[in-house]
Amino acid sequence: MFLRNALLVDVVNEGYERVLKLDSINGAKQWGGIDVLIFDSWHWWLHSGRKQPWDVMQVGNKTNNGLSRYEAYENALKTWAGWVDTKVDTNKTKIFFQGVSPDHLKGTEWGKPDGSHCGGEEGPLLQATYPGGRHPAECIVDKVLQTMSKSVSLLRITTLSQLRVDGHPSIYGNPRHIGMDCSHWCLAGVPDTWNVLLYASLIPR
């Protein structure tokens, strides 16, 4: 089944505010007794303005809006990792974490002029590594997973997705061809490759 919890940790309505509780994961009660759990996060951590799914961040009883998105993401992943290590029997439940889905909003990362983006790209980057380097959120995922005592299989989709600068809807994500979407993916497309990798990981088991 599909359970939407884009931030993994809890977002609680308190008065007129949506509070992102970075050290609370009560929503995990829904995940009990599942044979295979596949987690994914990051995309929504970058949303701001009306698309941001929280108003304030909180750790313990302390409200903290001074954290960067990367710091908040790492805090949330540590909370999730603590839940896995203490609550999940990995002899019965197989856990996957899908790596970071990148965007292509900064063309300078792959050698384009300043101010360019994914618009007009017609093919992938034909090389083994991404010119812009590893995604910072990918490094955070690696860091947190290395601290865990329980086994989690990381689906390393980030680099192969970074190379697909041509894989986004760009202006065609809107019927009127306005705006520029360089964070979602066309279908059929890159996410189908993610699913092939997941399938290959599941079959031997």
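Every number here is computed from the coordinates shown, using simple stated rules; none is lab data. Not measured: the values here are computed from a predicted model. Cβ: placed from backbone, ideal geometry, glycine included. Neighbour counts: every protein chain shown.
Tell me whether the range 1-87 comes out rounded, prolate or oblate; compute the Cα gyration tensor, take square roots of the eigenvalues as a ≥ b ≥ c, and use a/c under 1.5 as the rounded threshold.
prolate
Leaving out same-chain residues fewer than 8 places away, which lysines sit with a Cα under 23 Å from that of Lys92? Here the lysines satisfying the reach criterion relative to Lys92 are Lys29, Lys78, Lys150. Seen against the Cα atoms of the chain and their longest principal axis, helix 190-202 is set at about 40 degrees. Using the average count of surrounding beta-carbon atoms within 10 Å as a protection proxy, the listed peptides 163-170, 196-203 rank, highest first, as 163-170, 196-203.
Could you pull out which residues in the range 35-59 have an amide N less than 19 Å from a spot 7 Å beyond the Cα of Tyr16, following the Cα-Cβ vector? So the set is 49-57.
Nearest 0.05, what FRET efficiency do Lys51 and Asn91 give at R0 = 30 Å with Cβ-Cβ as r? In this case the efficiency is close to 0.15. The alpha-carbon of Lys62 sits under 16 angstrom from the alpha-carbons of these lysines, leaving out residues fewer than 8 places away in its chain: Lys21. Semi-axes of the equivalent ellipsoid for the chain, computed as √(5λ) from the eigenvalues of its C-alpha gyration tensor and ordered from largest down, come to 29, 23, 16 Å.
The angle between the Cα long axis of helix 69-87 and the main principal axis of the chain comes to about 40°, on a 0 to 90 degree scale.
In this structure, Asn174 and Asn195 have a Cβ-Cβ separation that, at R0 = 25 Å, corresponds to a calculated FRET efficiency of about 0.45.
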